[in-house]
Amino acid sequence: MFWRVVLERKDVAVCNLRVFASIVALGCAGKAPSMVSTTTGSWIQVWSDEFGGPLGGGVDTMKWRVDRGDGCASGNCGWGNNEKEYYSDAPENILLNGEGQLRIVGRIAAAGVTCYYGPCRYTSAKITTQHKEYFAPGRVAARIKLPAGQGLWPAFWLLGKSFPPWPDCGELDVMENKGSAPTTTSSSVHGPGYFGNTPITHVRAFARGSAADAFHTYAVEWDSLRIRFFIDNTVHYAVTRSDVEAHGKWVFDQPFFVILNLAVGGNFDGDPRSDAVLPATMLVDYVRVYRRAQ
């Protein structure tokens, strides 16, 4: 178990000293490992963002698109969940911290920004690989430290390439967290016949600590037969194709795109009862995508 954890930590350099010097130089120059092993087998990394860059820099626009607004522009005010944040690409909401991490920050909105419910109460940020990168069934992992506080709703999730419409496209919620319950987190599957308050969901308590006091690695592995959700390289929820088809059509034999966001307010954890929880930071160390080793 220990060595598997090490392979997914980018702050631990792993090099094979018995290889030729030139290969060592190439293998150790980057922060990302090329392979990871889990209880389900070996995986080869095919894509990543390690969020390197100077303090105050923005996300790599070759990999990510930054969503903006309150959802109304796409006919989905409140992003379908009565959320209260206005997503922004301003550096006070999304920036690199200069230490190899991305900061997504929820804040009290300044005057002059209007949302579907009136003057916006909050701003935050949301990034997606939609129209940039789509990933075939495999493994997707992210190492994240979350904020705590009632009304905060950080999430790491995937939507099928066929989006829209939702839920026909399928959705994999690798991690979504209630800020009021930082010692637990949840993973869910949505699709036609099993969406919204989906029956295919599982809440997991952390073995120790909370989502807010340390980084944790959240991952999903999926193929044509099953979906597995991980926390720190331990499977906490597994769903088979037959489990899904008991509720509706299986729609996971397609590429998916990745989403990271910090919502404020809405149906999941309610609106903040106190704005003292802000500013709140979701700190993303990396996102990595793998295919199964043959």
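Annotation note: of 167, 91, the sole residue that is within 21 Å of residue 202 (Cα to Cα) and either assigned to a loop (DSSP other than H, G, I, E, B) or more than 19 Å from the chain's Cα centre (by Cα) (or both) is 167. Yes or no: residue 74 polar (S, T, N, Q) and surrounded by fewer than 20 Cβ atoms within 10 Å (Cβ to Cβ)? Considered against the rule, which asks whether it is polar (S, T, N, Q) and surrounded by fewer than 20 Cβ atoms within 10 Å (Cβ to Cβ), residue 74 comes out as yes. Among the residues of segment 185-218, those identified as within 17 Å of residue 236 (Cα to Cα), loosely packed, with under 14 Cβ neighbours inside 10 Å and of a type outside the set (A, V, I, L, M) are 199, 208, 209. Screening residue 204 with (1) in a strand (DSSP E or B); (2) closer than 20 Å to residue 87 by Cα; (3) of a type in the set (Lys, Arg) gives one miss only, at (2). If you go through segment 269-289 and pick out every residue that is out of contact with any strand residue (DSSP E or B) (no Cβ under 7 Å at 6 or more places or on another chain) and not polar (S, T, N, Q), you end up with 4. Selection of segment 149-178 for residues being open to solvent by 40 Å² or more (accessible area, probe 1.4 Å) and touching a Cys at 6+ places or on another chain (Cβ under 8 Å) yields 161, 162, 163.
Counting only residues that are open to solvent by 70 Å² or more (accessible area, probe 1.4 Å) and of a type in the set (A, V, I, L, M, F, W, C), segment 45-71 holds 3 of them. Considering (1) open to solvent by 30 Å² or more (accessible area, probe 1.4 Å); (2) under 17 Å from the mean Cα position of the chain (by Cα), the lone condition that residue 256 does not fulfil carries the number (1).
Listed here are the residues, each with its yes/no results for (1) over 15 Å from residue 144 (Cβ atoms); (2) more than 20 Å from the chain's Cα centre (by Cα); (3) modelled with pLDDT of 95 or more.
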position	(1), (2), (3)
194	yes, yes, yes
231	no, no, yes
239	yes, no, yes
247	yes, yes, yes
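Screening the candidates 232, 271, 285, 275 for the property of being acidic (Asp, Glu) and either in contact with a Pro (Cβ under 6 Å, 6 or more places away or on another chain) or within 22 Å of residue 41 (Cβ to Cβ) (or both) yields one hit, 232. Reported count of residues in segment 219-253, each being touching a Leu at 6+ places or on another chain (Cβ under 8 Å), open to solvent by 20 Å² or more (accessible area, probe 1.4 Å) and part of a strand (DSSP E or B), is 1. The single residue among 203, 174 that is modelled with pLDDT of 95 or more and over 20 Å from residue 258 (Cα atoms) turns out to be 203. Contact annotation: residue pairs with Cβ atoms under 6 Å, 6 or more positions apart or on different chains, pairing a residue in segment 214-225 that is within 23 Å of residue 285 (Cα to Cα) and hydroxyl-bearing (Ser, Thr, Tyr) with a partner that is assigned to a loop (DSSP other than H, G, I, E, B) and open to solvent by less than 40 Å² (accessible area, probe 1.4 Å), are 217/8.
Residue pairs whose Cβ atoms lie under 6 Å apart, separated by 6 or more positions or on different chains, with the first residue in segment 107-121 and without any contact (Cβ under 8 Å) to a residue 40 or more places away in the chain and the second part of a loop (DSSP other than H, G, I, E, B) and open to solvent by less than 70 Å² (accessible area, probe 1.4 Å), are 109/120; 113/120.
Considering each residue of segment 99-122, count those that are polar (S, T, N, Q) and crowded, with 16+ Cβ neighbours inside 10 Å, and give that number. Steps first, answer last, please.
In the first step, residues of segment 99-122 are kept if they are polar (S, T, N, Q); the result is 101, 114.
The next check asks that each one be crowded, with 16+ Cβ neighbours inside 10 Å; those that pass are 101.
So the count comes out to 1.
The values are calculated or read from the model by the stated rules, or taken from the named source; none is laboratory data. Values in this document were obtained by computation on a predicted structure and should not be read as measured data. Ideal geometry is used to build each Cβ from the backbone, glycine not excepted, and the neighbour counts take in all protein chains shown. Surface areas here come from the heavy atoms of the whole protein model, side chains and all, with no ligands, DNA or RNA. Shrake-Rupley method; radii C 1.70, N 1.55, O 1.52, S 1.80 Å.
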